[in-house]
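The values are calculated or read from the model by the stated rules, or taken from the named source; none is laboratory data. Everything quoted here is computed from the prediction, not taken from an experiment. Cβ sites come from the backbone with ideal geometry, for glycine too, and all protein chains shown count toward neighbours.
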Amino acid sequence: MSCCLPDVDAVSNLPASLAKGPSREELTLSSRVLPNGVRQTDLAVPGVHCGACIANIESTLGNLDGVEYARVNLSTKRVSVRWRENAGAPPITEALGQLGYESHLFEQGADEKDETLAELIRGLGIAGFAAGNIMLLSVSVWSGAEAATRDLFHWLSALIALPALAYSGRIFFRSAWGALRNGRTNMDVPISIGVLLAYGMSLYETATHGPHAYFDASASLLFFLLIGRTLDHIMRERARVAVKGLARFAARGATILHGDGTSTYLPVGDIEPGMNIMLSAGERVPVDARVLKGRSDLDCAIVSGESDPVAVEPGAELRAGTLNLTGPLTIEATAKAQDSFLAEMMRLMEAAESGRGGYRRIADRASALYAPVVHLTAFLAFIGWMIAAGDFHRALTIAVAVLIITCPCALGLAVPIVQVAAARRLFENGIMVKDGSAMERLAEIDTVVFDKTGTLTLGMPRLVNSNEISARDLALAAAIALHSRHPISRALAETQDGKSAAEWSFDAVQEVPGFGLEAAIGDNVYRLGRAAWALAEAGSIVGTVLSCNGEKLAAFSFEDRLRAGAAAAIAELHDRQIAVEIVSGDRSDAVAAVASALGISRISAGVLPSGKVERLDALKAEGRRVLMVGDGLNDAPALAAAHVSMAPASAADIGRSAADFVFLRESLAAIPLTLDTSREANRLIRQNLVLAVVYNAIAVPIALLGFVTPLVAALAMSLSSVIVIANGLRLGTGKSRRSACESEAAKPTTKVFPTKEAMAS
Amino acid sequence: MTGLLLLLPIALFLGGLGLAAFLWSLKSGQYEDMDGAAERILNDDG
């Protein structure tokens, strides 16, 4: 059971009392209604990782009142709970919290069954069955079955191949037809033509008692291609599920106060301007609003990129998505959800979506060149043999043989197999690839634009002058700070990490929102917070201080903490001749400090969300291909506008869904790693395409001369596919040593990227 | 030839049985939690 200790990393971020999941109102709101008065709630529980966790969670949840069924899915790290409606939502999150598991709701719609995958796997099963059986029959034909037996075998093959073509082939035919209707071609067009012609000609051949039928070729072609397609889909789906499982930041609902003193919990979409909302500490502002009562500090990092919390008092305007840190507020909604800041970002995103609209995938570009050449060759072969031999049947057979032998089995696998291997390696390093073309686009970039708060930095302050403060004062400050979730308090509390705060027994501690914390021990009153409030005579002192009865004990200074590996990652990007710049919504002095620490010279500060998009458009107009890395709501339009985009796991919901890559680990080393992997993948894809062309250069003359029997076709196609797959898998094996030594290196706090020499050893 | 008439249907039937079993296992959700299934077998109460 030792492996079942609570997820230390996840919990230590917050004091234990604050590590809470969604409230019961939110659970009710997000649950699905099943028949017979039962509701189902699905929660992401990132901490489950072994059989004991499963048994633990299922038995605990199963024993709760009103719970009918609880089931853990270890692969997706989710829990489904079915509960009876009449009893109200059971305390699921509390129960999980007591077991030490953090839980959260995930994006709705994510729990729908993956129909595409099911269709692909069913198609794969049927194609595999058909290919295997037809191949067995074909082997008998090749070993010398004659006359009636051969015809019987051919007819049987035709019978088996028909459902395979109709069911499994659908996936290709549909996509090919879609492309043709829009006047484009893609990889599926030559595939569909090849498969269908092979089947049609073999049927004719069989009916006329001919010796050569290519049923095996058409079935095994479908089988091979479906393997590539299915792996590709599984890989991307795994990434998408992992990203959807991350905690949501947007509020789902809010507690509305009515004039008569009662309150109800309403979904965000039902909140009307003018309604009064009760917002407790730790909640996010659901819609744009104005403060009516109360004082607090707001964390705006994810909304505007400002790194310092903002103190608010009655009359202040709040933007949807900001986090209330310290005190309860009563706020009045000033806009509906669909008119709030978040919705405005969505509109900007839609407007900016053209960023990658014009991109055509390598496979499609290759097939645009390839298909006309192949089809023209087949046509010329037909004409040539008609003129030379005058035999219609023979000319047609040879033309179809050319199509079959060139049918892009290898070409169809060349791209997906490499991308699957690359995505797998990135997945192992905590980087999720959401889109197959993302790696192709990433390999082309020459500029990286970073957001600052939350991307280059963690958006969390760190104490920098601990050596000037006595250990006793620091321990006292940390013990007081434990009572607040203000980022500065958390930074102070972290300085004592592991050590017990029990030696201080306070008679009372209270948080004064907007100012700081006040603690009493006997007659002494300690204050931790703004200098002007904590000190009897502040004078010129500003910033955060600890005072005893108005006398200064210590002054603290903080700076935003850089992400691990930030400097190394920027240096690596410079090494690769990639231009780096910062576009941030924060104050210019804060941006300049980070930029100089990282050696970045091009910066823009105080930029609005639309300004970020304009900056990207300007870069695009210069002909640059830009990777945008950002996390906030204000970055989301820019993420959509960039050629390719990346977001950390801590990013805002819409930012994460707009980004092509999401990296789950803290370190920015993910960026050069992803770039290298993508570039290497692109190199292998090109190699594979060259291999496919070389194969064709050898095979086509043989086909043109009329020497391609079904046996030759089967051998040639399998050989070329195996070569391409083997070449693609080099990506997985060649670097496994490197990723292993990276994960070791990733453990120390400041991670240094392994040098080329270290990797070679 | 008579041997073939007997053996071919048997072979295809067995192959079809395998395919049907696969499709059934897919439909009944046995591939939805591969990691979980590997761990659950070690739990006593199933």
Exercise. Check off (1) surrounded by 24 or more Cβ atoms within 10 Å (Cβ to Cβ); (2) more than 20 Å from A:L342 (Cα to Cα); (3) among the hydrophobic types (A, V, I, L, M, F, W, C) for A:A618 and give me the number that stays unchecked.
Key: (1)
Practice problem: For the range A:45-82, name all the residues that are within 14 Å of another protein chain (Cβ to nearest Cβ) and assigned to a helix (DSSP H, G or I). | Solution: A:G51, A:A52, A:C53, A:I54, A:A55, A:N56, A:I57, A:E58, A:S59, A:T60, A:G62
Quiz item: Among A:L458, A:L463, which is the only one that is within 20 Å of the chain's Cα centre (by Cα), surrounded by fewer than 23 Cβ atoms within 10 Å (Cβ to Cβ) and farther than 30 Å from A:S721 by Cα?
Solution: A:L458
Self-check item: Which numbered condition A:R527 fails, given (1) farther than 19 Å from A:S466 by Cβ; (2) in contact with a helix residue (DSSP H, G or I) (Cβ under 9 Å, 6 or more places away or on another chain); (3) free of Cβ contacts under 8 Å to residues at least 24 places away in the same chain; (4) assigned to a loop (DSSP other than H, G, I, E, B)
Solution: (4)
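Would you say B:D44 is part of a loop (DSSP other than H, G, I, E, B), at the interface with chain A (Cβ under 10 Å from one of its Cβ atoms), over 16 Å from the mean Cα position of the chain (by Cα) and closer than 13 Å to A:I54 by Cα?
yes
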Quiz item: Here are A:L705, A:L684, A:L715: which of them is in the same structural domain as A:G384 (by TED's automatic domain parsing) and touching a Lys or Arg at 6+ places or on another chain (Cβ under 8 Å)?
Solution: A:L684
Quiz item: Residue check, A:C50 against (1) in contact with a strand residue (DSSP E or B) (Cβ under 6 Å, 6 or more places away or on another chain); (2) in contact (Cβ under 8 Å) with a residue 24 or more places away in the chain, all met but one. Which one?
Solution: (1)
Quiz item: Within the range A:56-106, how many residues are among the small types (G, A, S) and crowded, with 20+ Cβ neighbours inside 10 Å?
Solution: 3
Self-check item: Residue list for the range A:466-500, filter: of a type in the set (G, A, S), over 33 Å from the mean Cα position of the chain (by Cα) and closer than 18 Å to A:E511 by Cβ
Solution: A:A477, A:A478, A:A479, A:A481
Quiz prompt | One residue from A:L156, A:L152, A:L136 being within 14 Å of another protein chain (Cβ to nearest Cβ), without any contact (Cβ under 8 Å) to a residue 12 or more places away in the chain and closer than 28 Å to B:K27 by Cβ | solution = A:L136
Practice problem: Tally the residues that are closer than 20 Å to A:L458 by Cβ, at pLDDT 90 or above and among the aliphatic types (A, V, I, L, M), restricting the search to the range A:628-646. | Solution: 3
Quiz item: When the range A:189-221 is examined, which residues are found to be over 17 Å from A:S140 (Cα atoms), of a type in the set (V, I, T) and part of a helix (DSSP H, G or I)?
Solution: A:V189, A:I191, A:I193, A:V195
Self-check item: Residue pairs meeting the criteria (Cβ under 8 Å; at least 6 apart or on separate chains; first among the β-branched types (V, I, T), in the range A:309-320; second assigned to a loop (DSSP other than H, G, I, E, B))
Solution: A:V310/A:C300; A:V312/A:R295; A:V312/A:G514
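Quick grid of which residues meet (1) on the phi < 0 side of the Ramachandran plot; (2) of a type outside the set (A, V, I, L, M); (3) under 20 Å from the mean Cα position of the chain (by Cα):
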| residue | (1), (2), (3) |
| --- | --- |
| A:A670 | yes, no, yes |
| A:L675 | yes, no, yes |
| A:I685 | yes, no, no |
| A:V690 | yes, no, no |
| A:V693 | yes, no, no |
| A:A697 | yes, no, no |
| A:T709 | yes, yes, no |
| A:A716 | yes, no, no |
Quiz prompt | Residue ID - modelled with the lowest pLDDT, chosen from residues in the range A:83-117 that are under 25 Å from A:P35 (Cβ atoms), out of contact with any strand residue (DSSP E or B) (no Cβ under 7 Å at 6 or more places or on another chain) and within 12 Å of chain B (Cβ to nearest Cβ) | solution = A:K113
Quiz prompt | Residues of the range A:412-467 satisfying the condition of being of a type outside the set (S, T, N, Q), part of a strand (DSSP E or B) and in contact with a Lys or Arg (Cβ under 9 Å, 6 or more places away or on another chain) | solution = A:I431, A:M432, A:V433, A:V449, A:L458, A:G459, A:M460, A:P461, A:R462
Quiz item: Of everything in the range A:195-227 that's of a type in the set (V, I, T) and farther than 19 Å from A:R170 by Cα, which residue is nearest to the chain's Cα centre (by Cα)?
Solution: A:T206
Quiz item: Consider A:V38 against the criteria (1) surrounded by fewer than 18 Cβ atoms within 10 Å (Cβ to Cβ); (2) under 26 Å from the mean Cα position of the chain (by Cα); (3) modelled with pLDDT of 85 or more; (4) more than 14 Å from chain B (Cβ to nearest Cβ): it satisfies all of them except one. Which criterion is unmet?
Solution: (2)
Self-check item: Meets criteria (part of a helix (DSSP H, G or I), within 43 Å of the chain's Cα centre (by Cα) and either surrounded by fewer than 18 Cβ atoms within 10 Å (Cβ to Cβ) or more than 11 Å from chain B (Cβ to nearest Cβ) (or both)) for A:A130
Solution: no
Exercise. Might you let me know whether the range B:17-28 holds any residue that is without any contact (Cβ under 8 Å) to a residue 60 or more places away in the chain, at the interface with chain A (Cβ under 7 Å from one of its Cβ atoms), surrounded by 13 or more Cβ atoms within 10 Å (Cβ to Cβ) and under 13 Å from A:N133 (Cα atoms)?
Key: yes
Self-check item: Matching residues, the range A:45-55, being closer than 14 Å to A:Q98 by Cα and either surrounded by fewer than 21 Cβ atoms within 10 Å (Cβ to Cβ) or in contact with a helix residue (DSSP H, G or I) (Cβ under 6 Å, 6 or more places away or on another chain) (or both)
Solution: A:C53
Self-check item: Selection status of A:A571, in a helix (DSSP H, G or I), among the aliphatic types (A, V, I, L, M) and at pLDDT 90 or above
Solution: yes
Quiz item: Within the range A:296-332, which residues are in a loop (DSSP other than H, G, I, E, B) and buried (at least 21 other Cβ atoms within 10 Å of the Cβ)?
Solution: A:C300, A:G305, A:E306, A:S307, A:P309, A:A320, A:G321, A:T322, A:L325, A:T326
Exercise. Assess whether A:R181 counts as being more than 14 Å from chain B (Cβ to nearest Cβ), among the basic types (K, R) and free of Cβ contacts under 8 Å to residues at least 24 places away in the same chain.
Key: yes
Quiz item: Restricting the search to the range A:443-456, which residues are under 25 Å from A:I302 (Cα atoms) and out of contact with any Phe, Trp or Tyr (no Cβ under 6 Å at 6 or more places or on another chain)?
Solution: A:T447, A:V448, A:V449, A:F450, A:D451, A:K452, A:T453, A:G454, A:T455
Quiz item: Which residue out of A:L165, A:L120 is within 12 Å of chain B (Cβ to nearest Cβ), part of a helix (DSSP H, G or I) and over 16 Å from A:P710 (Cα atoms)?
Solution: A:L120
